[in-house]
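Take a look at the structure set out below.
The values are calculated or read from the model by the stated rules, or taken from the named source; none is laboratory data. Note that the coordinates shown come from a computational prediction; the quantities given were computed from them, not determined experimentally. Neighbour counts are summed over all protein chains in view; Cβ atoms, including those assigned to glycine, are modelled from backbone coordinates with ideal geometry.
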Amino acid sequence: MPYKTVDLHCHSYYSDGTFSPEALVIEAKKRGLWALALTDHDSIDGISLFHQAGKKHGFETITGIELAAEYTAFQKQEIHIVGLGFSPFSQAIAEILEKRHFPAKNAMKKWFLPSIKLVLPFPMRK
Ligand SMILES: [Zn+2]
């Protein structure tokens, strides 16, 4: 059974990555990946360009984000939660990002997650 390789966690220069969303798509395709998720820290600012690049280069792109949160069940610690496959136009993500409302340079700042589920089913289309 043939396997498809995907990377569900990468960052563009819209958070702490080095490459543009399009450069990530080009590199992922060059390396033989089948799909790539853009999971910038606390931002979906690069998602539109990312999906446009996917269409342009014939490559599967997945909407994602990586949210920093405080986990306090045992001891206070920072965790990062990756959300995948949501609509970048959803009200839920708009509300989360609006509540954050801080400059990109503070993107790693800690915050508390609202009680909302972000990890949604992976959209398998092929
Ligand atoms: Zn990350």
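Of the conditions (1) surrounded by 12 or more Cβ atoms within 10 Å (Cβ to Cβ); (2) more than 16 Å from the ligand (Cβ to nearest atom); (3) at pLDDT below 90; (4) more than 22 Å from THR5 (Cβ to Cβ), HIS101 fails just one. Which one is it?
The single condition HIS101 does not satisfy is (1).
Within the range 11-92, which strands (runs of 3 or more DSSP E) (wholly inside it) include 1 or more residues that are free of Cβ contacts under 8 Å to residues at least 24 places away in the same chain and within 13 Å of the ligand (Cβ to nearest atom)? Steps first, please.
Working: elements: 35-38, 60-71, 77-84.
Because the criterion is at least 1 residues that are free of Cβ contacts under 8 Å to residues at least 24 places away in the same chain and within 13 Å of the ligand (Cβ to nearest atom), the strands (runs of 3 or more DSSP E) in the range 11-92 that meet it are 77-84.
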